[in-house]
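The values are calculated or read from the model by the stated rules, or taken from the named source; none is laboratory data. All values derive from a computational prediction rather than experimental measurement. Using ideal geometry, Cβ is built from the backbone for each residue, glycine included, and neighbour counts are taken over all protein chains shown. Accessible surface is based on the protein model in full, side chains and every heavy atom, while ligands, DNA and RNA are left aside. Shrake-Rupley method; radii C 1.70, N 1.55, O 1.52, S 1.80 Å.
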Amino acid sequence: MQQTNKMGQTHVKKLMFLMGLPMILSMVLQALYNIVDSVFIANMPQHGEAALNALTLAFPMQMLMVAVSIGTGVGTNALVAQCLGHGDKEKAGRTAGNAQFLALIIYFVFLVFGVLGVQAYISSQTTNTLVCEMATSYLKICCIFSLGISFFAVYEKLLQAAGHPVYSTIAQIAGAVSNIILDPILIYGWLGCPAYGVKGAAYATVIGQCVSWITALAFHLVCNPEIETHLKWFRPSVQIIRQIYAVGLAAIIAQALMSVMTYALNLILGTVSETMITAYGLYYKIQQFILFAAFGLRDAITPIVSFSYGMGSKSHINAGVRYGLLYTVCMMLAGMVAVELLALPLVNTFGLSGQTKGLCISAIRVISVSFVFAGVNIASQGVFQALEGGWQSLMISICRQILFVLPVAWGCARAVRQSNAPAWIIWLSFPIAELATAAIAFYLLHSIWKSITYKILQKS
């Protein structure tokens, strides 16, 4: 229990940095999976921009796979950390066993979709035969071989819950490096390998995910003694699964809303032009380096605040919330400045044509203004997840990704079509949504803090 004792004894300001840094690196590397594929795909000798559009259409379903897997991991993370805070190692082990059972179920669901549903899903977004064929072949491979992402998400969160984020980061690095090395080999046909094109990018992605999964599993078995492993604990428990998804379901829906938002925006932007879809898809992957860094810090906030909640320490909870918000806002402000300054070289990496390039640069210039407000919203979700505030976390996601952004985007797209307004005004929907949601997040934080204070006083 040495590592979990550190979670209770180390000053939260230092602990947030020590746990947050490897988690941030881990999430940034996860974003790398998506961006690396796009760089190599965009620079294919033939049909590079069409292939990039195909990846954009497949991306919402990829995000959904990640959402369900990571959401289950988030619920596992919070429950295991809370059990360790209570000193209940048996329940922590049973939770880990049930989480692995759930990972297997998740894989089978996406396996079935990969076999039966991909064609209809892609066809709903485009009538371009070439793009449809590329997107379908890419997504089928990602779904049928999604075992790696399903299980890695669980082992990653188990390592983080017990205070071992460095090991989960190493596992993430192993997968990312594998993906980067395999991408040009499988896409372009280097080293005597056949040139698989878009399919090669998919194969590189799923192999990288499996490398991360196997590495994280090894670390869990060898370096995670706080969480005991017994075969009998793999037997599903309705009570434990319910507790996992009491937090995890909100996290799943929160991340799944990213998939819904991207799918809906593909449809909205498609009413303006196909180049708008390509530009947004590319920008979305660039911004993931910043947003996923915030998600990494959020994943440090959750176990720290959850452990403190299990201890019944009001001061530790307060420090976790304060420093979590402060660090996230500072990081997002730095990210906004970096992206604004590097907009042109970032876009040039993909070798886009004039119109698509201009739309992508305008997206960077406008949408990145919302990063600071997005940081507040993402950090707040980490706090809500730790304090059993699943519905508050869900409310933030609904506001920032559905309720505010889609109606504004639809109205702006209509203005572009009917009154020849500049296309970049569609990007304004993102800063508007994040700012409005941040105001709601502060109100909900104040409300849940009063509730938690009352509960701690009642226990004492």
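The rows are residues; the columns are (1) under 24 Å from A31 (Cα atoms); (2) open to solvent by less than 20 Å² (accessible area, probe 1.4 Å); (3) without any contact (Cβ under 8 Å) to a residue 12 or more places away in the chain; (4) of a type outside the set (D, E, K, R).
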position	(1), (2), (3), (4)
E90	no, no, no, no
G97	no, yes, no, yes
L116	no, no, yes, yes
C142	yes, yes, no, yes
Q160	yes, yes, no, yes
S168	yes, yes, no, yes
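Go through the residues of the stretch 187-202 one by one and say whether even a single one is closer than 21 Å to G75 by Cα and part of a helix (DSSP H, G or I).
Scanning the stretch 187-202, I find no residue that is closer than 21 Å to G75 by Cα and part of a helix (DSSP H, G or I), so the answer is no.
Can you tell which of A379, A421 is aliphatic (A, V, I, L, M) and part of a helix (DSSP H, G or I)?
Going through A379, A421 in turn, the sole match is A379.
Check off (1) surrounded by 14 or more Cβ atoms within 10 Å (Cβ to Cβ); (2) at pLDDT below 90; (3) more than 27 Å from the chain's Cα centre (by Cα) for Q243 and give me the number that stays unchecked.
Only one criterion is unmet by Q243, namely (3).
Would it be correct to say that A256 is part of a helix (DSSP H, G or I) and open to solvent by less than 10 Å² (accessible area, probe 1.4 Å)?
Against the criterion (part of a helix (DSSP H, G or I) and open to solvent by less than 10 Å² (accessible area, probe 1.4 Å)), A256 does not qualify.
Could you tell me which residue of the stretch 335-367 is farthest from V405 (Cα to Cα), considering only residues that are among the aliphatic types (A, V, I, L, M) and within 20 Å of the chain's Cα centre (by Cα)?
Ranking the qualifying residues of the stretch 335-367, first place goes to V339.
For the stretch 334-346, indicate whether the set of residues that are of a type outside the set (G, A, S), surrounded by 22 or more Cβ atoms within 10 Å (Cβ to Cβ) and in contact (Cβ under 8 Å) with a residue 24 or more places away in the chain is non-empty. Spell out how you get there, then give the answer.
We begin by selecting, within the stretch 334-346, every residue of a type outside the set (G, A, S); these are 336-337, 339-342, 344-346.
Now restrict to residues that are surrounded by 22 or more Cβ atoms within 10 Å (Cβ to Cβ): none.
No, the stretch 334-346 contains no residue that is of a type outside the set (G, A, S), surrounded by 22 or more Cβ atoms within 10 Å (Cβ to Cβ) and in contact (Cβ under 8 Å) with a residue 24 or more places away in the chain.
Of A264, A202, A256, which residue is within 23 Å of the chain's Cα centre (by Cα), closer than 26 Å to I173 by Cβ and among the small types (G, A, S)? First the steps, then the outcome.
Working: A264 fails: closer than 26 Å to I173 by Cβ; A256 fails: closer than 26 Å to I173 by Cβ.
Exactly one of A264, A202, A256 is within 23 Å of the chain's Cα centre (by Cα), closer than 26 Å to I173 by Cβ and among the small types (G, A, S), namely A202.
On the basis of being small (G, A, S), under 25 Å from T205 (Cα atoms) and touching a Pro at 6+ places or on another chain (Cβ under 8 Å), does S69 make the cut?
Numbers: small (G, A, S): yes; under 25 Å from T205 (Cα atoms): yes; touching a Pro at 6+ places or on another chain (Cβ under 8 Å): no.
For S69, the condition - small (G, A, S), under 25 Å from T205 (Cα atoms) and touching a Pro at 6+ places or on another chain (Cβ under 8 Å) - is not met.
Being small (G, A, S), within 11 Å of the chain's Cα centre (by Cα) and crowded, with 22+ Cβ neighbours inside 10 Å is true for just one of A279, A293. Which residue is that?
On inspection, the qualifying residue turns out to be A293.
How about the stretch 261-283: which of its residues are in contact with a helix residue (DSSP H, G or I) (Cβ under 7 Å, 6 or more places away or on another chain), over 20 Å from V36 (Cα atoms) and assigned to a helix (DSSP H, G or I)?
In the first step, residues of the stretch 261-283 are kept if they are in contact with a helix residue (DSSP H, G or I) (Cβ under 7 Å, 6 or more places away or on another chain); the result is 261-266, 268-272, 274-283.
Keeping just the survivors that are over 20 Å from V36 (Cα atoms) gives 261, 263-266, 268-272, 274-276.
Result: M261, Y263, A264, L265, N266, I268, L269, G270, E274, T275, M276.
Let me confirm something: among L428, L445, which residue is of a type outside the set (K, R), surrounded by 14 or more Cβ atoms within 10 Å (Cβ to Cβ), in contact with a Cys (Cβ under 8 Å, 6 or more places away or on another chain) and part of a helix (DSSP H, G or I)?
L428
Working carefully through the options I367, I378, I361, I317, find the one that is on the phi < 0 side of the Ramachandran plot, open to solvent by 30 Å² or more (accessible area, probe 1.4 Å) and of a type outside the set (K, R).
Unique residue meeting the criteria: I361.
Cβ-Cβ distance below 9 Å, separation of 6 or more or different chains: which pairs start in the stretch 17-39 with a residue that is more than 12 Å from R298 (Cα to Cα) and end on one that is among the hydrophobic types (A, V, I, L, M, F, W, C) and modelled with pLDDT under 80?
Matching pairs, first to second residue: S38/F350; V39/F350.
Are any residues in the stretch 124-140 over 14 Å from E274 (Cα atoms), more than 20 Å from the chain's Cα centre (by Cα) and hydrophobic (A, V, I, L, M, F, W, C), and if so, which ones?
Scanning the stretch 124-140 gives M134, A135.
Just name the residue that is nearest to I35 (Cα to Cα) out of those in the stretch 206-236 that are buried (at least 17 other Cβ atoms within 10 Å of the Cβ) and among the small types (G, A, S).
G208
Please give the number of the condition A120 fails out of (1) modelled with pLDDT of 90 or more; (2) under 30 Å from S306 (Cα atoms).
The one condition A120 does not meet is (2).
Find the residue count for the stretch 382-415, including only residues that are over 24 Å from W427 (Cα atoms), crowded, with 18+ Cβ neighbours inside 10 Å and not β-branched (V, I, T).
Taking the stretch 382-415 first, the residues over 24 Å from W427 (Cα atoms) are 382-393.
Checking which are crowded, with 18+ Cβ neighbours inside 10 Å leaves us with 382-390, 392-393.
So of that shortlist, the ones also not β-branched (V, I, T) come out as 382, 384-390, 392-393.
Matching residues across the stretch 382-415 total 10.
Working carefully through the options Y203, Y188, find the one that is surrounded by 19 or more Cβ atoms within 10 Å (Cβ to Cβ) and either touching a Ser or Thr at 6+ places or on another chain (Cβ under 8 Å) or in contact (Cβ under 8 Å) with a residue 24 or more places away in the chain (or both).
Of the residues listed, the single one that is surrounded by 19 or more Cβ atoms within 10 Å (Cβ to Cβ) and either touching a Ser or Thr at 6+ places or on another chain (Cβ under 8 Å) or in contact (Cβ under 8 Å) with a residue 24 or more places away in the chain (or both) is Y203.
Enumerate the pairs (first residue in the stretch 289-313 and over 23 Å from F373 (Cβ atoms) and touching a residue at least 40 places away in the same chain (Cβ under 8 Å); second residue anywhere and crowded, with 24+ Cβ neighbours inside 10 Å and among the charged types (D, E, K, R)) with beta-carbon separation below 9 Å, excluding pairs fewer than 6 apart on the same chain, so at least 6 apart or on different chains.
Taking only residues 6 or more apart or on different chains, the pairs are P303/K157.
Pairs please, first residue from the stretch 232-247 and charged (D, E, K, R), second anywhere and open to solvent by 60 Å² or more (accessible area, probe 1.4 Å) and in a helix (DSSP H, G or I), Cβ atoms under 9 Å, 6+ apart in sequence or on different chains.
That search, which allows pairs on different chains as well, returns K232/R94; R235/R94; R235/F101.
If you scan the stretch 70-88, which residues turn out to be open to solvent by 40 Å² or more (accessible area, probe 1.4 Å) and on the phi < 0 side of the Ramachandran plot?
Once the filter is applied, which keeps residues that are open to solvent by 40 Å² or more (accessible area, probe 1.4 Å) and on the phi < 0 side of the Ramachandran plot, the stretch 70-88 yields H86, D88.
Select from the stretch 99-114 the residues that are in contact (Cβ under 8 Å) with a residue 60 or more places away in the chain and among the aliphatic types (A, V, I, L, M) and write down the one among them that is farthest from S308 (Cα to Cα).
Once the filter is applied, the top-ranked residue is L102.
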